[in-house]
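Undergrad: Before I ask anything, let me first share the structure, which is written out below as structure tokens.
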Amino acid sequence: MNKTTYQAAKSASEILEQHFIKHIGSAVESGEQKLASVPNQKNIETIINAAFWASLRKEEGNFPKISIAFLPPEQVEQPLLFGNKLPLNSATLTKLAPGIERAGIHLGVWEENGFLYIWGTALKIPNYCFVLDVSEPALIVIKHRRLHGFGKYTNVAVLKGDEIKIIDKNCGFKKDCPAIVTALLDVDSPCSWNDGLNVFIQLAVSMRAHQHGGILLIVPPNSTEWKKSIVHPLQYPINPSFSALNELLHQDHQELGQAVWQSALKSEVDNIAGLTAVDGATVISRDHHLHTFGAKITRKKNSNAIEEISYIEPVMGGEAIDKYSTEIGGTRHLSAAQFIHDQQDCIAMVASQDGHFTIFSWSPIAQKVQAHRIESLLI
């Protein structure tokens, strides 16, 4: 069980240990409570190794989907405890996977006498708790619960076969980094469910999940300037603009009940994200009013065709490089980049059918469109 045969686990574990030491240590110094324990390098390596080999084994014809949280049952509110401690290995994980594959269920793992064991399942876990997710064969995502516990977990690393991507949080400190990317990197992250950025992150996750590809254009409120970059007449205009998402965000969800409100929010997010699967672009304002979907992007009158883009992936070694616009993707990416070139106060989110996800924004510093490749933050 303790012999590591997946070499990427060994390579990534030291960096991951330092990440959790740094962040949990900083939270302790700032007076935060109810924090998770720091996993050591050997524990991280062992968990990754077991999960990787489990991801390649089928159970009843399906590859496993697993979420593992490293914590003792004492740190969990109402833990589901197994009568026997189970060994952490690929065979056990594969057998348990069908029972824990739904979102929000974590398999609890802890250490005793130098060995890791599975003690049960957990729904609520402490801040900065080490979590490993397996969603497809050979794809391992290391993440943790945000400090304030709201929204999507913060990704720390993505391991795909022998490829290791360590998330570089420093990208989020750059002045021209779009707020959505900054929030995903947990820099000035949203601290409430009704934070507008949190909602756009949920829209991005939902867009990626439907696997049809799509474009979401985020435009300024009370502006019609964006229409100069869209073919008219609109094929699917929304009149009046759809405001259900905006209204939900301004509702006192404490009166409705947190769970009921969150469920309603997710339904509205999926409703809008689903429309991005229709060929063309979906247009929504920054204050969450839906204007149209299936819209065709065109070059603004008297505008030049975009030629060069600053391409960035927020991982170690993913510094900005200049690329020709034709190098970053297909028609969706090129049209979204042209839209931002012509509408510099907007944001474009582009999902590809293969899972890639790009955010286009205007950089006032570089004076060009920048493309942030962020699927490693959304998985």
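Undergrad: Would you mind telling me which residue in T276, T224, T121 has the biggest mean-square fluctuation in a Gaussian network model of the chain, where springs connect alpha carbons within a distance under 10 angstrom?
TA: T224
Undergrad: With +1 on each Lys and Arg Cβ and -1 on each Asp and Glu Cβ, how big is the dipole of segment 196-377 about its Cα centre, in debye rounded to the nearest 20?
TA: In total the dipole reaches around 520 debye.
Undergrad: For segment 196-377, what number of Lys pairs, 8 or more residues apart or on separate chains, have alpha-carbon atoms under 17 Å from each other?
TA: Lysine pairs meeting the criterion: 8.
Undergrad: While we're here: Roll a 1.4 Å probe over the protein chains and send me the accessible area per residue for the chain in Å².
TA: That works out to 46 Å² per residue.
Undergrad: Sorted by mean Cβ packing within 10 Å, highest first, what order do the peptides 35-41, 110-116 take?
TA: 35-41, 110-116
Undergrad: Using only protein heavy atoms and a 1.4 Å probe, report how much of S285 is accessible, in Å² to the nearest 10.
TA: Here the accessible area works out near 0 Å².
Undergrad: Moving to a separate point now. What does the helix-only formula give at 222 nm for the chain: each DSSP H stretch with n ≥ 4 adding -39500 (n - 2.57), the total divided by the residues, and the result rounded to the nearest 500 deg cm²/dmol?
TA: That calculation yields -9000 deg cm²/dmol at 222 nm.
Undergrad: So how do 230-238, 138-146 stack up, highest first, on mean other-Cβ count within 10 Å?
TA: Top to bottom by mean Cβ count within 10 Å: 138-146, 230-238.
Undergrad: I'd like to know which of G99, Y128, V38 lies farthest towards the positive end of the charge dipole of segment 25-129, counting +1 on Cβ of Lys and Arg and -1 on Cβ of Asp and Glu.
TA: Ranked along the dipole, the leading option is G99.
Undergrad: For the chain, which whole percent of the accessible surface, found with a 1.4 angstrom probe, sits on carbon and sulfur atoms?
TA: Of all accessible area on the chain, carbon and sulfur atoms account for 50 percent.
Undergrad: Which residue fluctuates the most in the chain, going by a Gaussian network model with Cα springs under 10 Å, if the choices are P98, P240, P314?
TA: Judging by the Gaussian network model, the answer is P240.
Undergrad: For the chain, modelled as a Gaussian network with Cα springs under 10 Å, which listed residue fluctuates most, I118, I21, I66?
TA: The residue that fluctuates most here is I21.
Undergrad: What helices in the chain pass both tests, a Cα length along the helix axis of 18 Å or more and a mean Kyte hydropathy of 0.5 or higher, using whole DSSP H runs?
TA: The answer, listed by residue number, is 196-210.
Undergrad: Normalised radius of gyration for segment 196-377, please: alpha carbon Rg relative to 2.2 N^0.38 Å, two decimal places.
TA: 1.03
Undergrad: Here's something else I'd like to know. Could you pull out the trypsin sites (Lys or Arg not before Pro) across segment 1-40 that fall in loop regions by DSSP (anything but H, G, I, E, B) with no more than 16 other Cβ atoms inside 10 Å?
TA: K3, K34
Undergrad: Please work out which option in (i) 19.9; (ii) 25.5; (iii) 17.7 gives mean projected area of the Cα convex hull in nm² calculated from these coordinates, and answer with its label.
TA: Label (i) holds the value from this structure.
The values are calculated or read from the model by the stated rules, or taken from the named source; none is laboratory data. Predicted model only: the values in this text are computed from it and were never measured. Glycine gets a Cβ as well: all are built from the backbone with ideal geometry, and neighbour counts include every protein chain shown. When the accessible area is computed, the model is the full protein with side chains, heavy atoms only, and any ligands, DNA or RNA have been set aside. Shrake-Rupley method; radii C 1.70, N 1.55, O 1.52, S 1.80 Å.
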